[in-house]
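To keep things clear, I will list the structure first and then write my remarks on it.
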Amino acid sequence: MSLRHGLLGLLAEGPASGYDLAQRFQEALGPVWPARHPKIYAELARLLDGGLIELESEGARGRKSYRITATGLAEVRRWLTEEDVDHTLRVEPLLRSFFFWLMDSEDLDRHLEQEEKFFSDTAAMYRELAAAKDRGDFGTEPHNRSKRISIEAGIRLYDALAEWAEWAREENKR
């Protein structure tokens, strides 16, 4: 996913400031697709220059709110339907696991215990978010239904990684 298309997709939900967009990214995508404020603001400037978004309003302190244009909506739809999906997963814990043989057993066990906790905690956070969405706390608009599907992927991914870390700890003890 590109930051460009992620921002366009979020703006398709409705107008937002750079700060609001950063919060939305963090809510559900933070652990899998972080978006830092400086990159968001730089990309918003490019989208504005490209006519994919427009300035909706500017507040007293210079806070700008943006909205997607018809061109921007067409672009995010084109990206969704016409571009090949990049299935590359850059999961640093899996890269590191390739070199676990360089760690002593106690350090590796401690590391895997921390990894299992992180993955389990992240899955639990996604479960709480899913429960809130399932209760209707965020409405039933199409974009919220899509978010629920994404959240389920996060739950399943982090559950699988937690199970992997637990398995790896047991494998290390052999």
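The values are calculated or read from the model by the stated rules, or taken from the named source; none is laboratory data. These figures come from a predicted structure and were not determined experimentally. A quick note on method: Cβ atoms are made from the backbone with ideal geometry, for glycine too, and the neighbour counts reach across all protein chains shown. Protein only, heavy atoms only, side chains kept; ligands, DNA and RNA dropped before computing areas. Shrake-Rupley method; radii C 1.70, N 1.55, O 1.52, S 1.80 Å.
Here are some notes:
- Proximal aspartates and glutamates to K117, defined as alpha-carbon separation beneath 13 angstrom and excluding residues fewer than eight positions away on the same chain: D109, D159, E163, E166
- In this structure, V32 and A60 have a Cβ-Cβ separation that, at R0 = 30 Å, corresponds to a calculated FRET efficiency of about 0.25.
- Local electrostatic count, L47, Cβ distance below 14 Å [Lys/Arg +1, Asp/Glu -1]: 0
- Listed residues A123, A60, A153, most fluctuating in the chain (Gaussian network, C-alpha, under 10 Å): A60
- Debye, to nearest 20: dipole size of the chain, +1 on Lys, Arg Cβ, -1 on Asp, Glu Cβ: 640 debye
- Between A130, A70, A12, the GNM of the chain built on Cα springs shorter than 10 angstrom shows A70 fluctuating the most.
- Per-residue Karplus couplings for the range 142-156, computed as 6.51 cos²θ - 1.76 cosθ + 1.60 with θ equal to phi - 60°, are listed in order as x, 5, 6, 5, 5, 4, 4, 5, 5, 4, 4, 4, x, 4, 5 Hz, Gly and Pro entered as x.
- Across the accessible surface of the chain, with the other protein chains kept in place and a 1.4 Å probe, carbon and sulfur atoms take up 53 percent.
- Sequence-distant lysines (8 or more away, or on other chains) whose Cα lies within less than 20 Å of K39: K64
- Nearest-0.05 FRET efficiency for D49 and R127, computed from C-beta distance (R0 41 Å): 0.50
- Farthest toward the positive end of the dipole of the range 48-174, out of F99, A60, A162, is the Cα of A60, where the dipole comes from beta carbon charges about the Cα centre.
- The long axis of helix 3-13 is offset from the longest Cα principal axis of the chain by roughly 60 degrees.
- For the chain: rounded, prolate or oblate by the Cα gyration tensor [a/c cutoff 1.5]: prolate
- Counting only protein heavy atoms and a 1.4 Å probe, the range 129-174 has 65 square angstrom of accessible area per residue.
- Sparse-neighbourhood loop sites, trypsin sites (Lys or Arg not before Pro) in the range 70-136 - DSSP loop, at most 13 other Cβ within 10 angstrom: R90
- Taking a ≥ b ≥ c as the square roots of the eigenvalues of the alpha carbon gyration tensor, the range 76-174 is oblate, as a/c is not under 1.5 and a/b does not beat b/c.
- Highest mobility in the GNM of the chain, judged by mean-square fluctuation with C-alpha springs under 10 Å and restricted to D20, D86, D49, is found for D86.
- On Cα atoms only, tilt of 70-82 relative to the major axis of the chain in degrees: 30 degrees
- In the chain, excluding the sites themselves, the longest stretch lacking any of the chymotrypsin sites (Phe, Trp or Tyr not before Pro) that are in a DSSP loop with at most 12 other Cβ atoms within 10 Å is 1-97.
- Cα long-axis angle, helix 18-29 against the chain (0 to 90 degrees, to the nearest 10): 40 degrees
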